[in-house]
Amino acid sequence: MEDILTGYKVNEPTWFYLSLLLIIAVFFKFSRFWSIRNLDLALLLSLAPGLLLVKSNYAGSTLGYCWLFAVSGLLLMRLLFDWTLTRRPRMEQNLNPAGMAFLCAAALLFQTTKIITEPTDIGAVQTANHAVELLKRQEPSTLYSPTDAGDTTGPASRLLATSVVPFTGGAAKAVAQSMAFLSHLAVLLGLIAVGRWHFSDTNLGLAMGTMYLLLPVTAFDVTRVNHLLPAALIVWAVAAHNRPTVAGGLLGLACGTLFFPVFLLPIWMAFYWGRGAMRFGMALVLTGAVLLGSLVLTSADSHSFTRQTIGSIDWSLLKFQADEGVGFWSLYNPAYRIPVFATFTVLLATLTIWPHKKNLETLLANSAAIIVATQFWYPHQGGIYVLWYLPLMLIVTFRPRLANLPGDTATVDSRLTIPHGGTHYRHEPVSGLPRTPMYR
């Protein structure tokens, strides 16, 4: 940052203090101190101290990982009991829409400056190199080594990166920086789309996007493209959840980037069950075929294809033995991960089956809960990958009570209804249109 603004230097702790005050001033509900919104804000802001402790390597980062596990546990409990929070009024922010738009643009500018001036993520550079080799139809010169555990990505990342390569001249660093900016922009626009299309309030979507850019956890990992891409794809899958084919394609691409979106597929399939599950499943299969086809283009023979396919999967997730990994589980016997993973499997099966009648509210909360739960058994620095679930958690945090959700996802309409005497009024998605009465 100092290279662009002379004399300007903000380190990570200072960014945390400044963003903390700004977020409280704009989003904290002082008139309703004991509200779920304030609880969610406190939990999201509590993640930053744990990340700071891990990055500082204080006392071997043991305290930092324990802090992150504790806060993640509170977030998980909050998401599991989201269905009981029936009183979810629409809350205005402490800043008008024009000021919110200005703050959002300023935060995006500062995050872009950090992307340009900070060291480029090694995993992002390697993904950019693979994208260049894909366009040249060359076999990847190197696959991810064991030291890159936690950043092992599938073919979807480099396939998406190929769209940026022609505009950057093929320079790996420029491709990585461009992908980081576009990933943050995709998350921002996706949150705005969710607010406009499903909450019938563009300003609410703008508030979610602004808070995403202001949160310290976003700034700490602003260049980690391999963790930003799946989050952006999942947000847009939520935005397009009433179109099973589009949502299936987006989730298929997300599964082709990192491993964790795979655990969302049972929940989403159960959501579409009998109401578009076939289209959702076909889109997943078609997306998988396209990703495998991209590997064929850079494979000289069957051995090369097998090598690339196996190399794009993080097999270390299935190991329950001692190694030289980094993170919470490197400090304890890996056998303790087995009951944690078993509990995670039971939780996944439970959220897939229950509740029987699913809607957008349960889809959001259960999806976020599963991603948070992966942090507890993930062997490599479990707990620090907040970007995986941060956009979904923000949607759950700002979501008002959604009423009159139809059962057919082909015509899903999650617009808000506000009681007014004996009549309900529906907010139209375009601001300025008259409200249509909906009688009981």
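The values are calculated or read from the model by the stated rules, or taken from the named source; none is laboratory data. Given the structure is predicted, the values throughout are model-derived calculations rather than measurements. Cβ: placed from backbone, ideal geometry, glycine included. Neighbour counts: every protein chain shown. The area values use the complete protein model at the heavy-atom level, side chains included, leaving out ligands, DNA and RNA. Shrake-Rupley method; radii C 1.70, N 1.55, O 1.52, S 1.80 Å.
If Thr345, Thr218 are ordered by their accessible area, calculated over protein heavy atoms with a 1.4 Å probe, which sequence runs from highest to lowest? The partial results should precede the final answer.
Values: Thr345 70, Thr218 0 Å².
Highest to lowest solvent-accessible surface, that is Thr345, Thr218.
Mind checking the full-extension length gain between Arg401 and Thr343? Use 0.36 nm per residue of separation minus the Cα-Cα distance, one decimal, nm.
Full-extension gain reported as 17.9 nm.
Multiply the residue gap between Ala98 and Lys357 by 0.36 nm, knock off their C-alpha separation, and tell me the result in nm, one decimal place. Write down the numbers at each step before the final one.
On the way: separation 259, 0.36 × 259 = 93.24 nm, distance 3.91 nm.
Result: 89.3 nm gained on full extension.
Note down the net charge around Val194, summing +1 for each Lys or Arg and -1 for each Asp or Glu among other residues with Cβ under 11 Å from its Cβ. Provide the component values of the computation, followed by the final result.
Numbers: positive: Arg196, Arg399; negative: Asp201.
Surrounding charge for Val194 is +1.
Could you calculate the FRET efficiency of Ser31 with Leu189 from 1/(1 + (r/R0)^6), where r is the beta carbon distance between them and R0 is 35 Å, rounded to 0.05? Present the calculation step by step, with values, prior to reporting the outcome.
Details: r = 31 Å, r/R0 = 0.87.
Between Ser31 and Leu189 the formula returns 0.70.
How much of the accessible area of segment 218-290, probe 1.4 Å, is carbon plus sulfur, in whole percent?
Working: 1730 of 2240 Å².
Answer for segment 218-290: carbon and sulfur cover 77 percent of the accessible area.
Could you check how much of the accessible area of segment 4-127 is carbon and sulfur, as a whole percent, using a 1.4 Å probe?
Numbers: 4680 of 6560 Å².
Heavy-atom surface of segment 4-127 belonging to carbon and sulfur, 1.4 Å probe: 71 percent.
Quick check for you: with a 1.4 Å probe and neighbouring chains kept, what is the accessible area per residue of segment 61-201, in Å²? Mind dumping the intermediate values first?
Values: 6230 Å² over 141 residues.
For segment 61-201, the per-residue accessible area is 44 Å².
Rank these residues by their accessible area, most exposed first, probe 1.4 Å: Glu118, Glu92, Glu361. Walk me through the numbers on the way to the answer.
Numbers: Glu118 55, Glu92 100, Glu361 20 Å².
Heavy-atom accessible area, descending, gives Glu92, Glu118, Glu361.
Ranked highest first by average number of other Cβ atoms within 10 Å, how do 272-285, 30-43 line up?
Working: 272-285: 17.2, 30-43: 13.6.
So the order, starting with the most tightly packed, is 272-285, 30-43.
With the contact rule set at Cα under 8 Å and sequence spacing of 6 or more, what percent relative contact order holds for segment 180-290? Before the final figure, lay out the partial values.
Working: 131 pairs, mean separation 25.8, N = 111.
Computed value for segment 180-290: 23 percent relative contact order.
What do you reckon, how do Ser19, Ser163 stack up by accessible area (1.4 Å probe), largest on top?
On the way: Ser19 10, Ser163 70 Å².
So the residues, ranked largest to smallest area, are Ser163, Ser19.
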